[in-house]
Amino acid sequence: MRRVTRLFAAGVLAVLLLLLALGAVPSYLGSGDPYYLTATPADGDGPAVNVTDYSERRYPYLFGALGSDDGRSEPYQRGRFGVKEAFANSPFDEYRSVRQFAPANATTDDAVVVSYNGTRYRVSVVQP
């Protein structure tokens, strides 16, 4: 194999490894206290976002909170320099996405009301 071809192949391999690392490593980085997406049962009637048909793969923090015994998702720690937020899903992203489709009176300053399998929940992002 020629030297130029070998260097080109090594460069392509290095770029592929770098892209793989950018996709996998940021989810493991984090600093500070963890954030959780919480889902607490809500009383009353009124508008709510129906998340029963939402994808569990697209909203892992939301469905983690809805399916847990204590109503909290897995912990999420923010990245130090903003790199993690660009490459990893966060409870903030899921909260904004659900809030975007919520009817006007299904939201408050810090929460959104969702309906999951006929039960109403108040969903918010908290940092204990």
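The values are calculated or read from the model by the stated rules, or taken from the named source; none is laboratory data. A quick note: this is a predicted structure, and the numbers were derived from the prediction, not measured. Virtual Cβ from ideal backbone geometry, glycine too; neighbours counted across all protein chains shown.
Count, please, the residues in the stretch 85-128 that happen to be within 11 Å of the chain's Cα centre (by Cα), at pLDDT 90 or above and charged (D, E, K, R).
The total comes to 3.
Would you be able to say whether some residue in the stretch 34-41 is touching a residue at least 12 places away in the same chain (Cβ under 8 Å) and aromatic (Phe, Trp, Tyr)? If you could, list the steps in order and put the result at the bottom.
Step one: filter the stretch 34-41 for residues touching a residue at least 12 places away in the same chain (Cβ under 8 Å), giving 34-41.
Checking which are aromatic (Phe, Trp, Tyr) leaves us with 35-36.
Yes.
In the stretch 12-67, which residue that is small (Gly, Ala, Ser), over 24 Å from Arg80 (Cα atoms) and modelled with pLDDT under 85 is surrounded by the most Cβ atoms within 10 Å (Cβ to Cβ)?
Gly46
So which of Tyr54, Tyr95 is closer than 30 Å to Leu19 by Cα and touching a strand residue (DSSP E or B) at 6+ places or on another chain (Cβ under 6 Å)?
The match here is Tyr95.
Out of Asn105, Asn117, which single residue is in contact (Cβ under 8 Å) with a residue 60 or more places away in the chain and not acidic (Asp, Glu)? Talk me through it step by step, then tell me what you get.
Working: Asn105 fails: in contact (Cβ under 8 Å) with a residue 60 or more places away in the chain.
When all the criteria are applied, what remains is Asn117.
So in the stretch 93-128, with the set limited to residues that are closer than 18 Å to Asp53 by Cβ and aliphatic (A, V, I, L, M), which one is surrounded by the fewest Cβ atoms within 10 Å (Cβ to Cβ)?
Looking at residues that are closer than 18 Å to Asp53 by Cβ and aliphatic (A, V, I, L, M), I get Ala102.
Only one of (1) modelled with pLDDT of 90 or more; (2) on the phi > 0 side of the Ramachandran plot fails for Gly82. Which number is that?
Among (1) modelled with pLDDT of 90 or more; (2) on the phi > 0 side of the Ramachandran plot, Gly82 violates only (1).
Scan the stretch 85-128 residue by residue and report those that are in a helix (DSSP H, G or I) and closer than 16 Å to Gly71 by Cα.
Applying the first criterion (in a helix (DSSP H, G or I)) to the stretch 85-128 yields 85-87, 91-100, 104-106.
Passing the criteria: Pro91, Glu94, Tyr95.
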